[in-house]
Structures are given as C-alpha cells and as structure tokens.
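The values are calculated or read from the model by the stated rules, or taken from the named source; none is laboratory data. Keep in mind that what you see is a predicted model, and the values were worked out from it rather than measured. Cβ placement follows ideal geometry from the backbone for every residue including glycine, while neighbour counts extend to all protein chains displayed. In case anyone asks, the SASA skips ligands and DNA or RNA and just uses the protein heavy atoms, side chains included. Shrake-Rupley method; radii C 1.70, N 1.55, O 1.52, S 1.80 Å.
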Amino acid sequence: VGRILGAAALGYYTMAFRIPELIIVSMNNVLGAVSFPMLAKTQSDDEKMRLFYFDYIRYLAIFVFPIGLGLTFTAPIFIPALLSSKWGPAIIPTALISSAMAIMAIGYVPGVLYKAINHPEILNYLALIKLPIMVSILWFATRWGIIGVAASQIIIGIILVTLDTLWANHVMKYRITDLIKAIYPSAFASITMSL
C-alpha cells in the first residue's frame, strides 16, 4: 500500500490511523481485558454468558460510537489545532478511519468470547476468511489514493463485523435482534448527536 500511495500519503494515513487507534482501540483493549474473566466465569451458564456478552457490547457501544463519530466530525478542527495545518491532508482519512474503528470495535467482542469459552482457534479460522477479503478491498481502493484506502476501512469494518457476529451467533445461538437491541440506543444517540 505504501509503494502505491507514496511516502507522503503513507505518513498522512499513518497519522490518520494513530489518532483513533490511541483512543478507540486502547479503550477496546482495556474493556476486553476486564471482560474476559467475566465471560470465562459465566461460560457454564449459557443465559448468564449471553446477558454479559450483550451488556459488554452495549457498554462498549456507549463509549466507542460517540468517540468514533466525535472524532469523525471534529477532525477538521483538532488536526490543524493540535498538529498544524501541514497535516491537513490527514483530516478526511482521520474522519473515515475514526468511523471505521467505531464499527470494528463491535467485532472485537466475539474474539474475547471465543477465548473465554476455550475456542481461540475460531479466530484463526476467521482470519483465513478475512485476509483475502481485506487484501482485495484494500488493493482495489488504492486507485483512489489515501482517501480511498481510508474509506475502504469502513467497508472492511462492516464486512468483518458481520462475519464475526454471524459466527458468534452460531456459537451462542442468539438472535440478531438481541445484537441490534444492544447497539441501537448508542448508535441512534451518537448519530443524533452528530447531526
């Protein structure tokens, strides 16, 4: 990707990726570390595990959706203010990647679940499915430069989260409406706040 986009664009893309990563991914890692033991404790009781799983998603969404959309809409303000106007080309990629990371955060939860129920190998199987999808989309998106690659992160996020949630559904036997109920209030409130 770096060879195709060029060194300058890669620098802007790296900065655009690091800002939301510092906030969203770091928070996701902390919540995952705290939630793992709780999911592991409840694995013998399907109903308790299901309730904790959806509570985990609900609370994660309360944080990451407003932060992701907040970064998306404030990137034109905070990037020039904090980094200088020379980083202007990173504004749109930062906005797009912030939205993508908010979406991808929900896909992190099934990974914690698989480890908690002693089936981390599911992550490897899913990675084998995800890798060609990601490479294909990124390769195709490079023709639109750094903005195309950043926008492709949203598409990749939607596809990967869909795969993760469908497989988690297969493992836990929950209804998709349960997932929608868990993320809907935060998603609706965040979109309303953004508007």
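Going through (1) at pLDDT below 90; (2) assigned to a helix (DSSP H, G or I) one by one, SER44 falls short only on (2).
Filtering the stretch 163-177 to residues that are exposed (fewer than 15 other Cβ atoms within 10 Å of the Cβ) and assigned to a helix (DSSP H, G or I) leaves LEU166, HIS170, VAL171, ILE176, THR177. Among the residues of the stretch 40-47, is there at least one that is buried (at least 16 other Cβ atoms within 10 Å of the Cβ) and touching a helix residue (DSSP H, G or I) at 6+ places or on another chain (Cβ under 6 Å)? Yes, the conditions are met somewhere in the stretch 40-47.
Conditions tested, residue by residue: (1) within 23 Å of SER35 (Cα to Cα); (2) of a type in the set (Val, Ile, Thr); (3) touching a residue at least 40 places away in the same chain (Cβ under 8 Å).
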{"residue": "MET49", "(1), (2), (3)": "yes, no, yes"}
{"residue": "LEU71", "(1), (2), (3)": "no, no, yes"}
{"residue": "ILE77", "(1), (2), (3)": "no, yes, no"}
{"residue": "LEU83", "(1), (2), (3)": "no, no, yes"}
{"residue": "VAL109", "(1), (2), (3)": "yes, yes, yes"}
{"residue": "LYS115", "(1), (2), (3)": "yes, no, yes"}
{"residue": "HIS119", "(1), (2), (3)": "yes, no, yes"}
{"residue": "LEU128", "(1), (2), (3)": "no, no, no"}
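Any residue at all in the stretch 123-141 that's closer than 25 Å to LYS41 by Cβ and touching a Gly at 6+ places or on another chain (Cβ under 8 Å)? So far as the stretch 123-141 goes, yes, one or more of its residues are closer than 25 Å to LYS41 by Cβ and touching a Gly at 6+ places or on another chain (Cβ under 8 Å). Name the residues in the stretch 149-195 that are more than 23 Å from ASP46 (Cβ to Cβ) and among the charged types (D, E, K, R), would you? Within the stretch 149-195, no residue meets the criteria. Across the stretch 146-162, the number of residues qualifying as over 13 Å from the mean Cα position of the chain (by Cα) and open to solvent by 20 Å² or more (accessible area, probe 1.4 Å) comes to 3.
For the stretch 170-195, the tally of residues that are over 18 Å from the mean Cα position of the chain (by Cα) and within 21 Å of MET49 (Cβ to Cβ) stands at 10.
Within the stretch 90-137, the only residue that satisfies the criterion of being open to solvent by 10 Å² or more (accessible area, probe 1.4 Å), touching a helix residue (DSSP H, G or I) at 6+ places or on another chain (Cβ under 9 Å), farther than 16 Å from TRP167 by Cα and not hydrophobic (A, V, I, L, M, F, W, C) is SER99. Any residue in the stretch 107-125 that is small (Gly, Ala, Ser) and more than 15 Å from TYR53 (Cβ to Cβ)? Within the stretch 107-125, not a single residue is small (Gly, Ala, Ser) and more than 15 Å from TYR53 (Cβ to Cβ). With respect to the stated conditions, ILE79 fails to be open to solvent by less than 50 Å² (accessible area, probe 1.4 Å), part of a helix (DSSP H, G or I), aliphatic (A, V, I, L, M) and at pLDDT 90 or above.
Looking only at residues of the stretch 178-188 that are surrounded by 15 or more Cβ atoms within 10 Å (Cβ to Cβ) and aliphatic (A, V, I, L, M), we find that the one that is farthest from ILE62 (Cα to Cα) is LEU179. Applying the criterion of being under 21 Å from THR14 (Cα atoms) and among the small types (Gly, Ala, Ser) to the residues of the stretch 145-175, the residue that is modelled with the lowest pLDDT is GLY145.
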